[in-house]
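The values are calculated or read from the model by the stated rules, or taken from the named source; none is laboratory data. This structure is a prediction, so every number in the text was calculated from the model and none was measured. Glycine gets a Cβ as well: all are built from the backbone with ideal geometry, and neighbour counts include every protein chain shown. The accessibility values were calculated without ligands, DNA or RNA, using every heavy atom of the protein model including side chains. Shrake-Rupley method; radii C 1.70, N 1.55, O 1.52, S 1.80 Å.
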Amino acid sequence: MPDAPLDPDACYAAISTRDARFDGRFFVGVSSTGIYCRPTCHSKLPKRENCTFFRTAAEAEAAGYRPCLQCRPETAPGYSPADAMTSLAQRTARAIEDDYASITSLEDLSTRLGYTSRHVRRAFEQEFHVSPRQYLETCRLLLAKNLLTETTLPVSEVALACGFKSVRRFNDAFVERYRMPPTKLRKNACCKRNGSNKAQVDATIRVTLGYRPPYAWDRILAFLAPRAIPGVEVVKPPTAPDARDGLYARTARLLARDGSPVTGWVRVTHHPRRDALVLEASDSLALVLPQVITRIKDLFDLRCEPVAIAQHLSGMSAVSPQLPIVGLRVPGCFDPFEMATRAVLGQQISVKAATTLAGRLATNFGTPLQTPIEGLTCTFPTAEDLLALGNGFGDALGQLGVTRQRQRTIHALAEGISSGAILTDSNAEPDEQIASLVELPGIGDWTANYLAMRILRYTDAFPASDLGVRKVLAPRTPREIKEFAQNWSPWRAYATLNLWNVEEAT
């Protein structure tokens, strides 16, 4: 909170990863240089004993520190006349990565972000030293290179899947960047794969998604398995921690660039020798592949810095000698409305009972789908699907066993997500989102923090009232638990997963 005292250890952990989400929330003065910086500064990480943390730039200057010429504290969120240049650049990059196939122009992207294209371009070039257009084209070409190497999709479909308006534009960009036509890369890939120029017939799209090791693959599947929605998800945990036989599969329903719905299936397996997950998707999802990739990265927390986080949580060994678990990830979500609905259904009932209710919703209101994977039969209903029930919303859900209180909560969530008011912007201020969530009927502190942890990817979310957390940290009172957990900030979401793993093992 704005008036809360800064935790020096939490602040140092934040600057060690240069996470933009902490930009503007505090500044660090370095006694060895007499300079103060933003948490995102790319200068060499100072020693802990040389750091003093300040709430504002004014405090740092009053203490005798000069502003850094590299990270320019005057441009931090909340202080810059240009209105948070670095924060805007980070939001722009994330927006591009989330769905670079559907971006039609910088002007449209800038409008979505609420700024002029000139301002977005200036902020982006200042932060990344390339233009948004160059960054966008790099994202598209890297995906194209992956698809040409690992799939047999026609070059024309690869071009469209990656967001190019024409095959000619794709060919020109590919030749300019890689000094070869895409057909040559495809030919070389086929030779390596088969020992000939003839590619195997395979309509499935395969993409390799790397991660920073270690990765607790067995534990994330163990978390997802009991929560898998019947008909929508299939999870098979591996037979051993380092085995490759575990998998996650699900149906998907996304919107193409023209607003039309696209359905299909995805399957994720582990390739530990390559430090990567292997994503397979039905060819029907080719046009929304960037969305699929982003959602799988979020679901499996592939942007995590596991070693740095484990080092910060090393004090958890006082709770249990097996903690922290290095490589543990915080599961995200593939679809915000599905995740939010599943969380509400799980309030005050068992995981198994909530999963059964979610399966009934999918079977009755989702879209039937034929897939080659046993158990995947339908997509989960969208917010709009349920709102279309109109006055029959309550009766329809009531017949499935959903209580009236949860009916009201799900309806409020559907309205908020459908309108874009909640849980739709990954760059939204998490504390504001949590405050908005608790104003909804039936949403308390636990549910709001759980949704922030899994949907908004908020690393410092902490459901302090969670039964499992309270059990492991007993006999501390709820207030003492919150104070004790402050030691784990800004990675309390990861601390929560560690505590849940201890609780499940006991």
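Figures for the structure shown
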read-out: Square roots of 5 times each gyration tensor eigenvalue, C-alpha, the stretch 415-506, largest first, Å; value: 25, 13, 12
read-out: Relative contact order (%) - the chain, alpha-carbon pairs under 8 angstrom, separation at least six; value: 10
read-out: The stretch 367-422 - charge dipole about Cα centre, Lys and Arg +1 at Cβ, Asp and Glu -1, debye rounded to 20; value: 240
read-out: Pairwise label distance in nanometres, Q134 with E415, each label 7 Å out on the Cα-Cβ vector; value: 4.8
read-out: Cβ-placed point charges (K, R +1; D, E -1), dipole of the chain about Cα centre in debye, nearest 20; value: 1520
read-out: Full-extension gain in nm, A62 to D258, via 0.36 nm per residue minus C-alpha separation; value: 65.2 nm
read-out: Isotropic mean projected area of the C-alpha convex hull, the stretch 266-373 (nm²); value: 9.8
read-out: Debye equation applied to the C-alpha atoms of the stretch 285-337, log10 I(q)/I(0) at 0.17 Å⁻¹; value: -0.63
read-out: Alpha-carbon Rg with Dmax, taken over the chain, Å; value: 23.7, 70
read-out: Percent RCO, i.e. relative contact order, over the stretch 376-506, from Cα pairs under 8 Å lying at least 6 residues apart; value: 16
read-out: The chain, accessible surface, carbon-and-sulfur percent (1.4 angstrom probe); value: 51
read-out: Accessible area per residue, Å², the stretch 89-129 with all protein chains present, probe 1.4 Å; value: 48
read-out: Modelled FRET efficiency - R0 41 Å, R118 with A240, Cβ distances, 0.05 increments; value: 0.15
read-out: Probe 1.4 Å - accessible area at K145, Å² to nearest ten; value: 90
read-out: Length released on extending from F484 to Q348, taking residue separation times 0.36 nm less the Cα-Cα span; value: 46.4 nm
read-out: Number of Lys pairs (Cα under 23 Å; 8 or more positions apart or on different chains) in the chain; value: 14
read-out: Ranked order, I35, I309 - accessible area, probe 1.4 Å, largest first; value: I35, I309
read-out: Cα convex hull of the stretch 106-193, projected area averaged across orientations, nm²; value: 6.3
read-out: Cβ-based charge dipole, the stretch 256-350, positive-most Cα from L313, V278, V288; value: L313
read-out: Separation of the E125 and R55 label points, Cα + 7 Å toward Cβ, nm; value: 3.8
read-out: Karplus-derived 3J(HN,Hα), 6.51/-1.76/1.60, for each residue of the stretch 171-184, Hz, glycine and proline x; value: 4, 4, 5, 5, 5, 5, 7, 10, 6, 7, x, x, 5, 5
read-out: Virtual spin-label span in nm between D172 and S43, 7 Å along Cα→Cβ; value: 4.4
read-out: Förster radius 60 Å - calculated FRET efficiency between M180 and L6, Cβ distance, rounded to 0.05; value: 0.70
read-out: Most positive-pole-ward Cα, I325, V130, Q486, against dipole of the chain from beta carbon charges; value: V130
read-out: P(r) tail fraction, the stretch 198-299 - alpha-carbon pairs more than 18 Å apart, %; value: 50
read-out: Mean accessible surface per residue for the stretch 341-388, computed with a 1.4 Å probe while every protein chain stays in place, in Å²; value: 48
read-out: Förster radius 35 Å - calculated FRET efficiency between D275 and A396, Cβ distance, rounded to 0.05; value: 0.15
read-out: Three semi-axes of the equivalent ellipsoid, the stretch 360-477, Cα gyration tensor, whole Å, largest first; value: 28, 18, 17
read-out: Dipole in debye (nearest 20) - the stretch 213-336, about Cα centre, beta carbon charges: Lys, Arg +1; Asp, Glu -1; value: 40
